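Reading through the structure tokens given below for one structure.
The values are calculated or read from the model by the stated rules, or taken from the named source; none is laboratory data. These numbers were taken from a predicted model, which means no experiment stands behind them. Backbone-built Cβ (ideal geometry, glycine too); neighbour counts: all protein chains shown.
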Ligand code: GLU
């Protein structure tokens, strides 16, 4: 538990793409910090990059955060004391702050054309110099520049990075990072469209929204000193900066893909939260899994439902070291959480997967199946593969699969015929105890019970893998079981 006053933390996605598990981890840590300190978890939409704006994205974030259970206290949809929470609605605030920076000598108008900037860059590349803005407009008189800008001349606004001295940027996990100021570019703060970029908008909002801890991806480390300089230029008190560890591919080689959904080669499954949901992972499992991507409680505990995480999480135990993402761990957690659900809860979770597979099952029917499959599935959609046949009017076994292990088709046919006789002889009430009768039959036929059950499993369920056979047969009912075994015997007899 992190001691101290209530934390105000924000998750600030850009609606430019899909909700990645790396971002979900940031959101989770934000949420935990807010909940354990009785602070606020704020959702802010950073949509100033209009070229990359994706209208679907904002909704995807809302939906996935809600599914994960990471509810926010302030945000574009619910408002809050620092409204608005969508940056495109805050442009007047950024405009005023930009003026303030220019008036204070910390920023300047730049009129250089893209063509000129390309030329500068090419020259620098030829000379093997670092590519950066050469400072031409930095030297304009502020009055002239203002007049040109107000007169409508196309311009951007750049930060006037100090040319002397050093900046020390303190990352909570890495300690002080010192940079010579002359190596820092005069970054663009406001584009020619008038829209601010991240460097200005996010700093402004973090300050104005009284954010205490900035948790963000380590891709921001290179521009971190610039962000510190912007805070200093405004004279603002800095938040605690925390750059989370880089996530690596399962192989440990290279950064975790930002795009691929399924890559069996690298072991990567889905990297987007909503895809994991579709694939049948429970939000509890995803939360537990991502909580450990850069945080640990001790060197052995791993099972952390969200309430435990709220109690146990601490920023002191975050690690800055890159971590390979392990998808088998997610399967493992999913199995654990599936098994921890009650029959009713699991049935509720499974229903949408049956519906999606166009299987007309209702909750009561699924509840009957839950005890048969709860121990056997790792993902919710596996339930459909395993138990979907219960809802089909008929099954279609592969003839070759009907042949018993290490048996001939003829012997298998004989076994099926005998099983048919034995089951037919059972009364309805005896049917529920048919296991003993079938085991006796296996003895009589001189085969293993497993061989007999294998034949019957394929005959009755149409599958080699199914829920427990006897229980499944009881649910299917004697009449249908007999019909399917009879058909299987016929198929087997027609084989060589
Ligand atoms: N909008 C930024 C992004 O999506 C947020 C970074 C931050 O949390 O400061 O990368």
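Points to keep in mind about this one:
- Residue list for region 395-407, restricted to those being over 12 Å from residue 459 (Cβ atoms) and not in a helix (DSSP H, G or I): 405, 406, 407
- Test result for residue 111, farther than 23 Å from residue 160 by Cβ and in contact with a helix residue (DSSP H, G or I) (Cβ under 7 Å, 6 or more places away or on another chain): no
- For residue 4: the one exception among (1) more than 11 Å from the ligand (Cβ to nearest atom); (2) crowded, with 23+ Cβ neighbours inside 10 Å: (2)
- Options 80, 17, 39: the member that is touching a strand residue (DSSP E or B) at 6+ places or on another chain (Cβ under 6 Å) and either within 16 Å of the ligand (Cβ to nearest atom) or touching a residue at least 60 places away in the same chain (Cβ under 8 Å) (or both): 39
- All positions within region 408-434 that are part of a helix (DSSP H, G or I), modelled with pLDDT under 95 and surrounded by 13 or more Cβ atoms within 10 Å (Cβ to Cβ): 430, 431, 434
- Boolean, residue 48 is in a loop (DSSP other than H, G, I, E, B), in contact (Cβ under 8 Å) with a residue 40 or more places away in the chain and surrounded by fewer than 22 Cβ atoms within 10 Å (Cβ to Cβ): no
- Any hit, region 156-172, residues being in a loop (DSSP other than H, G, I, E, B), in contact (Cβ under 8 Å) with a residue 40 or more places away in the chain and under 30 Å from residue 41 (Cα atoms): yes
- Subset of region 51-83 [in a loop (DSSP other than H, G, I, E, B) and exposed (fewer than 15 other Cβ atoms within 10 Å of the Cβ)]: 51, 52, 53, 54, 55, 56, 69, 71, 77, 78, 81, 83
- Within region 24-36, the residues that satisfy the criterion of being near the ligand (Cβ under 10 Å from one of its atoms) and crowded, with 24+ Cβ neighbours inside 10 Å are 27, 30.
- Among residues of region 443-455 being touching a residue at least 24 places away in the same chain (Cβ under 8 Å) and assigned to a helix (DSSP H, G or I), the one that is farthest from residue 395 (Cα to Cα) is 444.
- Criterion (at pLDDT below 95, touching a strand residue (DSSP E or B) at 6+ places or on another chain (Cβ under 9 Å) and at negative phi) met by exactly one of 313, 327: 327
- Residue match in region 173-193 (condition: surrounded by fewer than 16 Cβ atoms within 10 Å (Cβ to Cβ), over 13 Å from residue 97 (Cα atoms) and within 14 Å of the ligand (Cβ to nearest atom)): no
- Any chance residue 69 is away from the ligand (no atom under 16 Å from the Cβ), modelled with pLDDT under 95 and farther than 30 Å from residue 152 by Cβ: no
- Taken together, 368, 458 contain a single residue that is touching a helix residue (DSSP H, G or I) at 6+ places or on another chain (Cβ under 8 Å) and either in a loop (DSSP other than H, G, I, E, B) or closer than 16 Å to residue 485 by Cβ (or both), which is 458.
- Candidates 275, 299, filtered to the one that is surrounded by fewer than 18 Cβ atoms within 10 Å (Cβ to Cβ), modelled with pLDDT under 95 and either over 18 Å from the mean Cα position of the chain (by Cα) or closer than 20 Å to residue 246 by Cβ (or both): 299
- Cβ-Cβ under 9 Å pairs, at least 6 apart or on other chains, region 190-203 side without any contact (Cβ under 8 Å) to a residue 40 or more places away in the chain, far side away from the ligand (no atom under 15 Å from the Cβ) and in a loop (DSSP other than H, G, I, E, B): 192/154; 192/155; 203/236
- Test result for residue 11, touching a strand residue (DSSP E or B) at 6+ places or on another chain (Cβ under 9 Å) and more than 10 Å from the ligand (Cβ to nearest atom): no
- For the residues 367, 317, the requirement of being without any contact (Cβ under 8 Å) to a residue 40 or more places away in the chain, surrounded by fewer than 20 Cβ atoms within 10 Å (Cβ to Cβ), closer than 30 Å to residue 242 by Cα and more than 21 Å from the chain's Cα centre (by Cα) singles out 317.
- Of residues in region 202-220 being more than 12 Å from the ligand (Cβ to nearest atom) and either closer than 19 Å to residue 20 by Cβ or surrounded by fewer than 17 Cβ atoms within 10 Å (Cβ to Cβ) (or both), the one nearest to the chain's Cα centre (by Cα): 210
- Enumeration of residues in region 173-183 that are within 37 Å of the chain's Cα centre (by Cα), at negative phi and not in a loop (DSSP other than H, G, I, E, B): 176, 177, 178, 179, 183
- Condition broken by residue 300, with the remaining ones in (1) under 21 Å from residue 11 (Cα atoms); (2) in a loop (DSSP other than H, G, I, E, B); (3) out of contact with any helix residue (DSSP H, G or I) (no Cβ under 6 Å at 6 or more places or on another chain) satisfied: (1)
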